[in-house]
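The next block holds one structure in the form of structure tokens; read it before the comments.
The values are calculated or read from the model by the stated rules, or taken from the named source; none is laboratory data. Keep in mind that what you see is a predicted model, and the values were worked out from it rather than measured. Glycine gets a Cβ as well: all are built from the backbone with ideal geometry, and neighbour counts include every protein chain shown. To get the accessible areas, we keep the full protein, side chains included, count just its heavy atoms, and leave off ligands, DNA and RNA. Shrake-Rupley method; radii C 1.70, N 1.55, O 1.52, S 1.80 Å.
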Amino acid sequence: MKTYDAIVVGAGHNGLTTAAFLAKAGLDVVCVEKNDYIGGATVSRNLYKDWWYSNCSYVCSLLRPEIYRALELHKHGLQVTPYGGSLTFMENGDYFGSYHDEEAAYREMARFSRKDADAYKNYSADTMRQCRLIRDFLLRTAPDPTSFKPRDLMELVRIGGKLTEMGEDRIGETIRFWTMSVADYLDEYFDTDVIKTAFSGSGIIGTALGIQSPGTAYVLLHHYMGDVDGNVGSWGFARGGTGAVANAIAGAFQSEGGELRTEAGVDKFIVKNGKVAGIALDNGDEIHASVVVSAMDVKRTFLTCMDKSDLPEKFHQRVENFKIRGSSGKINIALDGLPTFPAIPKDSPLYFSDMHFIDSMERMERAYDDWKDGTWSKDPYIDMTIPTTSDPTMAPPGKHFMSCFVQYCPRQVNGRDWTQEDKDGFQKSVFDQISNYSPDFKDLVLHAEVRTPQDIENEIGITEGNIFHGELTMDQLMFNRPVPGYAQYRSPIDGLYMCGSSNHPGGGIMGAPGANAAREILSDLKRPNTVPENFGDD
Ligand SMILES: Cc1cc2nc3c(=O)[nH]c(=O)nc-3n(C[C@H](O)[C@H](O)[C@H](O)COP(=O)(O)OP(=O)(O)OC[C@H]3O[C@@H](n4cnc5c(N)ncnc54)[C@H](O)[C@@H]3O)c2cc1C
């Protein structure tokens, strides 16, 4: 049996990113994937006739441009185009549109409140300041504040410098921002309920918290800190669906001589005398290497694929306590044509936006109450997009693909597994809500793929189907992600590394955990670094 320099477990976009940078450094790398397709939660699948669905993730912004350039992803077919704004339908027949164009955005807000329209400038500047701060940390390893190693101390000093540059008041604001609720944050700027509601959605996407829960202001940031073509805060569609991201990274990996093996699920890591020696696959085969990198979430890595006796007790306990709760579902829909939305003019650019159907902060919080009660939201927050309005490759001419990301949706219904009846009920609550604003929607549905957190867990292997591989709360960020003392992509097992979204800086199609892990591995192996640092585009 051949021995490799490195094995990467999981061909999601982070595993592929690590694999590509290691292969670029000249290592002999194999990336193994349990499914018969690659991409993990960054995937496009053909499940119905000529439609391609972005089955899980559906919009792009977070992918670090440094990675895009270093791996020359454009040469491997990746093209991301921005889409326009967002739309919130109101129960009274009106709507609130959010536009990229500053004047249009101002006019629309002023339609509700001139005071709020004026406040937007400060809101935007303050939020962007937090974005700029966090963007600087993304492609860097978080320092360990307890290690006292020169490298960690230097990084702490650098972070201290960044905070000091902000000035005394803004340090205070930053700490408040990182710990407060998105509702409280928005209350500081705006009065109008629908405006606050429209902005609050980004604070709870993928999160098992409500808009009133402390920590959700930071989650909002996680949805603003990306960019498309240098436009910070913009989101876009990858042509062909988000699978195009994973496919492009896989192309870069293979062009460096890397080997991809699908239908190769890992059963256990092979550990000998505290050192990793390889992996044992579900089919009994073994593959050997002295470096093994797990792109699976931290729970699956250490609680499922490793014997407890191989791990320090405290580490094992901390992994058990890691918060990774399922709170989101997804419905992918093949449509016979473009649905109409009578509230907006026929030629409105908002047809190209992401659409939402909850118009008050009260309804947003109540949607979370359902999740706490152990069921899906009966009045759900839906982030709905129709990628085929700008990408004709995902459906036949004149037909459309609609993606509905749904918050909230629990891993278990009332403490038990999902039944088909539950799934039908979940689908009905989503379909009913959309058809309240689009009378022809239901008649246009040809096929729907309903994905609960349980389905996502079973298919992608993410514990509870948590989209970020773990909550993005302060207790699980930076040097605490995934657990204190192990936030630098290494594990208690010599040679076993972590590169998935459970690591700094977290989930989303970002590639940053994968790139940062590769840099640490190459440093340990004393190989030249192939991973870019921030290009300083800010
Ligand atoms: C429903 C949903 C919607 C989302 N929407 C967006 C969005 O619009 N935009 C955005 O930026 N982010 C979004 N996200 C988040 C983003 O997709 C994820 O955070 C990101 O894709 C995770 O990437 P990863 O490489 O770290 O892990 P994953 O994509 O989870 O990859 C892990 C890989 O490991 C494989 N694996 C698991 N167990 C084994 C095993 N035992 N052996 C071998 N292989 C194994 C899996 O099959 C998978 O391929 C969404 C996620 C979900 C689930």
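Structure notes:
- Residues that are more than 8 Å from the ligand (Cβ to nearest atom), open to solvent by less than 10 Å² (accessible area, probe 1.4 Å) and more than 15 Å from the chain's Cα centre (by Cα), drawn from the stretch 448-466: THR452
Okay, residues lined up against (1) out of contact with any helix residue (DSSP H, G or I) (no Cβ under 9 Å at 6 or more places or on another chain); (2) within 17 Å of PRO439 (Cα to Cα); (3) in contact (Cβ under 8 Å) with a residue 12 or more places away in the chain; (4) surrounded by 24 or more Cβ atoms within 10 Å (Cβ to Cβ):
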{"site": "LEU335", "(1), (2), (3), (4)": "no, yes, yes, no"}
{"site": "ASP347", "(1), (2), (3), (4)": "yes, no, no, no"}
{"site": "SER360", "(1), (2), (3), (4)": "no, no, yes, no"}
{"site": "ARG366", "(1), (2), (3), (4)": "yes, no, yes, no"}
{"site": "GLY374", "(1), (2), (3), (4)": "yes, no, yes, no"}
{"site": "ASP379", "(1), (2), (3), (4)": "no, no, yes, no"}
{"site": "PHE401", "(1), (2), (3), (4)": "no, no, yes, yes"}
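- Extreme residue, surrounded by the fewest Cβ atoms within 10 Å (Cβ to Cβ), among residues of the stretch 7-20 that are assigned to a helix (DSSP H, G or I) and near the ligand (Cβ under 6 Å from one of its atoms): GLY15
- Number of positions in the stretch 255-297 that are farther than 13 Å from ALA19 by Cβ and either in contact with a Ser or Thr (Cβ under 6 Å, 6 or more places away or on another chain) or within 11 Å of the ligand (Cβ to nearest atom) (or both): 15
- Test: residue in the stretch 21-35 that is surrounded by fewer than 24 Cβ atoms within 10 Å (Cβ to Cβ), within 30 Å of THR340 (Cα to Cα) and within 14 Å of the ligand (Cβ to nearest atom): no
- Of all residues in the stretch 76-123, those that are modelled with pLDDT of 95 or more, surrounded by fewer than 16 Cβ atoms within 10 Å (Cβ to Cβ) and of a type in the set (Ser, Thr, Tyr) total 1.
- Any hit, the stretch 302-324, residues being away from the ligand (no atom under 13 Å from the Cβ), on the phi > 0 side of the Ramachandran plot and surrounded by fewer than 23 Cβ atoms within 10 Å (Cβ to Cβ): no
- Qualifying positions in the stretch 316-355 - among the aliphatic types (A, V, I, L, M), over 23 Å from HIS100 (Cα atoms) and not in a loop (DSSP other than H, G, I, E, B): VAL319, ILE331, ILE333, ALA334, LEU335
- Contact annotation: residue pairs with Cβ atoms under 8 Å, 6 or more positions apart or on different chains, pairing a residue in the stretch 22-51 that is without any contact (Cβ under 8 Å) to a residue 12 or more places away in the chain with a partner that is more than 8 Å from the ligand (Cβ to nearest atom), are ASN46/TRP52; ASN46/TYR53.
- Residue within the stretch 481-499 that is farther than 16 Å from MET384 by Cα, of a type in the set (Asp, Glu), open to solvent by 10 Å² or more (accessible area, probe 1.4 Å) and touching a residue at least 60 places away in the same chain (Cβ under 8 Å) present: yes
- In the stretch 433-447, the qualifying residues are those that are over 27 Å from the mean Cα position of the chain (by Cα) and of a type outside the set (A, V, I, L, M, F, W, C), and the one that is least open to solvent (accessible area, probe 1.4 Å) is SER438.
- Within the stretch 4-27, being closer than 19 Å to ASN516 by Cα and either hydroxyl-bearing (Ser, Thr, Tyr) or touching a strand residue (DSSP E or B) at 6+ places or on another chain (Cβ under 6 Å) (or both) holds for ALA6, ILE7, VAL8, VAL9, ALA11, GLY15, THR17, THR18, ALA19, LEU22, ALA23, LEU27.
- TYR489 being at pLDDT 95 or above, more than 10 Å from the ligand (Cβ to nearest atom) and on the phi < 0 side of the Ramachandran plot: no
- Residues of the stretch 223-254 that are open to solvent by 10 Å² or more (accessible area, probe 1.4 Å), modelled with pLDDT under 90 and more than 11 Å from the ligand (Cβ to nearest atom): TYR224, ASP227, ASP229, GLY230, ASN231, VAL232, GLY233, SER234.
- Odd one out for LEU220 among (1) open to solvent by less than 50 Å² (accessible area, probe 1.4 Å); (2) not in a helix (DSSP H, G or I); (3) not aromatic (Phe, Trp, Tyr): (2)
- Residue match in the stretch 513-526 (condition: of a type outside the set (A, V, I, L, M, F, W, C) and under 28 Å from PHE89 (Cα atoms)): no
- Note on the stretch 124-149: among residues that are of a type in the set (A, V, I, L, M) and open to solvent by less than 10 Å² (accessible area, probe 1.4 Å), the one that is farthest from ASN534 (Cα to Cα) is ALA142.
- Restricting the stretch 45-76 to residues that are more than 12 Å from the ligand (Cβ to nearest atom) and in a strand (DSSP E or B), the residue that is farthest from the chain's Cα centre (by Cα): TYR48
- Flag if VAL406 is within 16 Å of the ligand (Cβ to nearest atom), among the hydrophobic types (A, V, I, L, M, F, W, C) and either modelled with pLDDT of 95 or more or surrounded by fewer than 13 Cβ atoms within 10 Å (Cβ to Cβ) (or both): yes
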